[in-house]
Amino acid sequence: MNEIGKTGSKHSIDKENTYRSILKGISIFGGVKIFEIFINLIRGKFVALFLGPGGMGYSSIFSNVATTISNLSSFGLNLAIVKEVAVANETKEKLSEVIAVATKLFYATALTGALICIFFSSFISELSFGPQESNWQFFLLGIAVFLLVVNAGKLSLLQGLHEVNRLSRASLTGSLAGLVFGIPLYYFLGNQGIVPAIVMLALTLNIFYSINLKRATKELPQKSFSWSSHRGIVKKLFSLGIILMASDMIGNVCNYVLLIIIRKIGDIDDVGFFQAANSITNQMAGVVFTAMALDYFPRLSRSASDMDKMFGIINRQSEIIALIIFPVSLLIIIIAPLITRILLTSKFEVIIPLLRWMALGVALKAMAYPVSYITFAKDNKKLFFWLEGIIGNLLFVAVPLLFFYNFGLIGFGYGMVIEQTLCLLIYWIVNRRIYGYVPTPRILTIFSLVLLLLSIVLALSYSSGNLFIMATMIVIAFISTLFCAFRLKKMIKIE
């Protein structure tokens, strides 16, 4: 067994991949994500206020359809573009060539997605909502699909270029502008304003991504695209992208199927309740996930040829992610009632227990996140597809639905915890067998402590009406947060 798999060799530590560097990347992207989450939570508040649980359910289905079609039509090029741009970033000529090819491809795939949504609008409407007159909304959703694919492509270029500040400004200003235009649509049009609001958000993001990408690439030589001369790059991008597309497509279809089955077993309000809880936990924990995805994957891709260096990055990332997600999950468990009242309405109080269980599930998801990228960074496309596309998505649908059927809404929380536990164990087992990666004893200790304390606070939350119990939860959260902050600071000083 390679020693780095056990202890994380000091020889693998380089200036670019120290704890300090990783934390800096997370903090920059995390700051942007916090602002975006704030905007999304405001948007969710207005959807809950103006449209109610049913409107939240309709909104989630429309958004899921747009995401599913955009992921299908993009052929998974987004992450493949990030990987190729990050690798080609050393020479301007090669970088310009990759950008020219990527730009042509994501515009072509965006048009494909828009046409799919438009041509199949009647079928999708019938499948989603039954015999309702919703065709025009899915027709209009085709515009959003086009913009979503283009936006994802431009974001991938900025991410691969590691243009942190430009990407941040584009995301912030675009999201804020989309919110300003979207709220009046909810107020004046009700449920009929959901799709126009999605289009407006995609449009504003597109404008700001375009401006910042143009500024980021203005000094690069301009390259024209031709299928004959760039066949090699196109083939490489598609060979990576198609695996991602298949995995993402299965994931989005599974999510769509999950929402439809919830509506069949329960009703549209259950869809809204589930989506509200899922949205809040993912938004609050999304600071960590998005920041890590934007900074971590390009970093890991550049080190994929050096196993010692790669394992060192994974180990450090795992430690950091556990120490950051722990206080976030604790906060969700403790203030779930307050979150519900502030961000939603009294009609959504039924989701409070679900929020708390999902917070534990999110912590497990964060622990699995660093190792989930290994197979793709190593270009093991077949294994990545089986892990992410097949096994992960089957667990995502089957386990929560099983618990929902037997326990009702809270069953989604139970199911998420079981599902993420299984995913973490599967990633560890597979990556140990294929690549020799083993989490360090320090990582295992931190993970165990985090899960133990989260479980204790979750159990106490069932008696949170008792002042002594509430005080105990707050003390545990306060001490735990101080420990995490102290530990992160110490990790930086050591290097």
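When you look at Asn151, is it out of contact with any Cys (no Cβ under 8 Å at 6 or more places or on another chain) and free of Cβ contacts under 8 Å to residues at least 24 places away in the same chain, yes or no? Steps first, please.
Working: out of contact with any Cys (no Cβ under 8 Å at 6 or more places or on another chain): yes; free of Cβ contacts under 8 Å to residues at least 24 places away in the same chain: no.
Considered against the rule, which asks whether it is out of contact with any Cys (no Cβ under 8 Å at 6 or more places or on another chain) and free of Cβ contacts under 8 Å to residues at least 24 places away in the same chain, Asn151 comes out as no.
Name every residue in the range 116-169 that is surrounded by fewer than 20 Cβ atoms within 10 Å (Cβ to Cβ) and among the aromatic types (Phe, Trp, Tyr), in order of residue number.
Phe119, Phe120, Phe123, Phe129, Trp136, Phe139, listed by residue number.
May I ask you to verify whether Ser210 is over 21 Å from Phe139 (Cα atoms), crowded, with 19+ Cβ neighbours inside 10 Å and either among the polar types (S, T, N, Q) or touching a Ser or Thr at 6+ places or on another chain (Cβ under 7 Å) (or both)?
Answer is no for this residue.
Please tell me if Ser59 is under 30 Å from Gly266 (Cα atoms), touching a residue at least 12 places away in the same chain (Cβ under 8 Å), of a type in the set (Ser, Thr, Tyr) and part of a helix (DSSP H, G or I).
On the way: under 30 Å from Gly266 (Cα atoms): yes; touching a residue at least 12 places away in the same chain (Cβ under 8 Å): yes; of a type in the set (Ser, Thr, Tyr): yes; part of a helix (DSSP H, G or I): yes.
It is true that Ser59 is under 30 Å from Gly266 (Cα atoms), touching a residue at least 12 places away in the same chain (Cβ under 8 Å), of a type in the set (Ser, Thr, Tyr) and part of a helix (DSSP H, G or I).
Filter the range 411-442 down to residues that are hydrophobic (A, V, I, L, M, F, W, C) and on the phi > 0 side of the Ramachandran plot, then give me how many there are. First the steps, then the outcome.
Going through the range 411-442, the residues hydrophobic (A, V, I, L, M, F, W, C) turn out to be 412, 416-418, 422-426, 428-430, 434, 438.
Remaining after also requiring on the phi > 0 side of the Ramachandran plot: none.
Result for the range 411-442: 0.
Looking at Gly8, is it within 30 Å of Phe129 (Cα to Cα), in contact with a Gly (Cβ under 8 Å, 6 or more places away or on another chain), crowded, with 22+ Cβ neighbours inside 10 Å and modelled with pLDDT under 80?
Numbers: within 30 Å of Phe129 (Cα to Cα): no; in contact with a Gly (Cβ under 8 Å, 6 or more places away or on another chain): yes; crowded, with 22+ Cβ neighbours inside 10 Å: yes; modelled with pLDDT under 80: yes.
No, not satisfied.
Just for the range 450-488: of the residues that are of a type in the set (Gly, Ala, Ser) and surrounded by fewer than 16 Cβ atoms within 10 Å (Cβ to Cβ), which one is nearest to Val362 (Cα to Cα)? Before the answer, list the steps.
If we filter the range 450-488 for residues that are of a type in the set (Gly, Ala, Ser), which is where we start, we get 455, 459, 461, 463-465, 471, 477, 480, 485.
Filter again for surrounded by fewer than 16 Cβ atoms within 10 Å (Cβ to Cβ), leaving 455, 459, 463, 465, 471, 485.
Numbers: Ser455: 13, Ala459: 17, Ser463: 22, Gly465: 24, Ala471: 24, Ala485: 20 Å.
Among residues in the range 450-488 that are of a type in the set (Gly, Ala, Ser) and surrounded by fewer than 16 Cβ atoms within 10 Å (Cβ to Cβ), the one nearest to Val362 (Cα to Cα) is Ser455.
What's the number of the only condition in (1) without any contact (Cβ under 8 Å) to a residue 40 or more places away in the chain; (2) not in a helix (DSSP H, G or I) that Thr112 fails to meet?
(2)
Taking Leu425 as the residue in question, decide whether it is under 17 Å from Ala359 (Cα atoms) and not β-branched (Val, Ile, Thr).
On the way: under 17 Å from Ala359 (Cα atoms): no; not β-branched (Val, Ile, Thr): yes.
Spelling it out, it is not the case that Leu425 is under 17 Å from Ala359 (Cα atoms) and not β-branched (Val, Ile, Thr).
It is to be established whether one or more residues within the range 256-277 are modelled with pLDDT of 75 or more, surrounded by fewer than 22 Cβ atoms within 10 Å (Cβ to Cβ) and either within 21 Å of Val328 (Cα to Cα) or polar (S, T, N, Q) (or both).
no
I need the helices (runs of 4 or more DSSP H) fully contained in the range 123-234, keeping only those with at least 3 residues that are touching a Pro at 6+ places or on another chain (Cβ under 9 Å).
Because the criterion is at least 3 residues that are touching a Pro at 6+ places or on another chain (Cβ under 9 Å), the helices (runs of 4 or more DSSP H) in the range 123-234 that meet it are 135-160, 164-189.
Do we find that Ser247 is at pLDDT below 75, in contact with a helix residue (DSSP H, G or I) (Cβ under 8 Å, 6 or more places away or on another chain) and either in a helix (DSSP H, G or I) or buried (at least 20 other Cβ atoms within 10 Å of the Cβ) (or both) in this structure? Spell out the reasoning first.
On the way: at pLDDT below 75: yes; in contact with a helix residue (DSSP H, G or I) (Cβ under 8 Å, 6 or more places away or on another chain): yes; either in a helix (DSSP H, G or I) or buried (at least 20 other Cβ atoms within 10 Å of the Cβ) (or both): yes.
Yes, satisfied.
Give the residue, chosen from Ser305, Ser318, Ser301, Ser329, that is in a loop (DSSP other than H, G, I, E, B) and either of a type in the set (Asp, Glu) or under 23 Å from Val371 (Cβ atoms) (or both). Talk me through it step by step, then tell me what you get.
Working: Ser318 fails: in a loop (DSSP other than H, G, I, E, B); Ser301 fails: in a loop (DSSP other than H, G, I, E, B); Ser329 fails: in a loop (DSSP other than H, G, I, E, B).
After applying the criteria, what remains is Ser305.
Test Thr91 against the criterion of being free of Cβ contacts under 8 Å to residues at least 12 places away in the same chain and either surrounded by fewer than 23 Cβ atoms within 10 Å (Cβ to Cβ) or of a type in the set (A, V, I, L, M, F, W, C) (or both), and give yes or no.
Details: free of Cβ contacts under 8 Å to residues at least 12 places away in the same chain: yes; either surrounded by fewer than 23 Cβ atoms within 10 Å (Cβ to Cβ) or of a type in the set (A, V, I, L, M, F, W, C) (or both): yes.
The answer is yes for Thr91.
Rundown of residues vs (1) modelled with pLDDT of 85 or more; (2) under 30 Å from Leu51 (Cβ atoms); (3) touching a Gly at 6+ places or on another chain (Cβ under 6 Å); (4) among the small types (Gly, Ala, Ser), yes/no style:
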{"site": "Leu111", "(1), (2), (3), (4)": "yes, no, no, no"}
{"site": "Ile118", "(1), (2), (3), (4)": "yes, yes, yes, no"}
{"site": "Leu127", "(1), (2), (3), (4)": "no, yes, no, no"}
{"site": "Gln132", "(1), (2), (3), (4)": "no, yes, no, no"}
{"site": "Val164", "(1), (2), (3), (4)": "no, no, no, no"}
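Taking Ile198 as the residue in question, decide whether it is in contact with a helix residue (DSSP H, G or I) (Cβ under 9 Å, 6 or more places away or on another chain) and closer than 28 Å to Glu349 by Cβ. Quick ask: steps written out before the conclusion?
Details: in contact with a helix residue (DSSP H, G or I) (Cβ under 9 Å, 6 or more places away or on another chain): yes; closer than 28 Å to Glu349 by Cβ: yes.
Yes.
The values are calculated or read from the model by the stated rules, or taken from the named source; none is laboratory data. From a predicted model like this one, the values you see are computed outputs, not experimental measurements. We place every Cβ from the backbone using ideal geometry, glycine too, and count neighbours over all the protein chains shown.
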